Amino acid sequence: MIASSDEKEFNPFDKSTQTAKADTSRGKAALDKMRREKAEERNAQLQKMQQVQDVDQMMLETGGEAAVIPEKVAQRMGKRMLPFVGIPLLGGMGAFVGFWYMATYRDMEFQPVLVAGSTIALLAVGLVGITYSMMSASWDPEREGSVLGTDEFSRNIDNIKGGLNRSKENAEVREQIMIERNRARQQQQVPAKPQKPAPTSLTNKLRDELD
């Protein structure tokens, strides 16, 4: 008995049919995965946009008070400036006075480069001490931190790097928010297209001509 062509097409044991079904299933799964990833990416983007808008709204409501350094942290920075800034500055002035005293009353000669270099070096250490005093202080109002502040210095450096990265990301998110707003505004300003009149049937057209 000769099998018809239809029976050959629906043969369940045909490997080509099974392969096609498998390829279709894999393609559908890949498409669903792609759609799910795009949806998750869009949801994450919308969450970031909402967070940035909440922060901007809070800054407007508080008038920027949230960005002010706490009083305890400011006092802590001031206390750390006394040794890290005061000692080098006093040392620079003391070195200059010492060179002057030795040259005036002890008849000792010093090279001007030595005097200027020693004084400027100590003053430079004092200027660096201003930055280190702020960076080595604990920025947590409830935690005093260590004496030298080495751990706090590295932690604050990491916080600054993270803040710069967040600022860059927030700038990109704000730009995306502006694009979304402009797009929505343009869509609202586009006038609605006039609807085309419905086609007149032949019967109605003949009736209108007879009237």
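Throughout, read-outs are computed from the coordinates displayed, never taken from laboratory work. Predicted, not measured: the structure shown is a model, and the values here were computed from it.
Some notes on this structure:
- Look at the alpha carbon pairs under 8 Å that are at least 6 residues apart: their mean separation over the length of the range 69-188 gives a relative contact order of 28 percent.
- Cα-based radius of gyration for the range 69-188, normalised by 2.2 N^0.38 Å, reads 1.78.
- Cross-link pairs Lys38/Lys168; Lys48/Lys72; Lys28/Lys168 - those with Cα-Cα distance over 26 Å: Lys48/Lys72; Lys28/Lys168
- Shape of the range 19-128, Cα gyration tensor, a/c cut at 1.5: prolate
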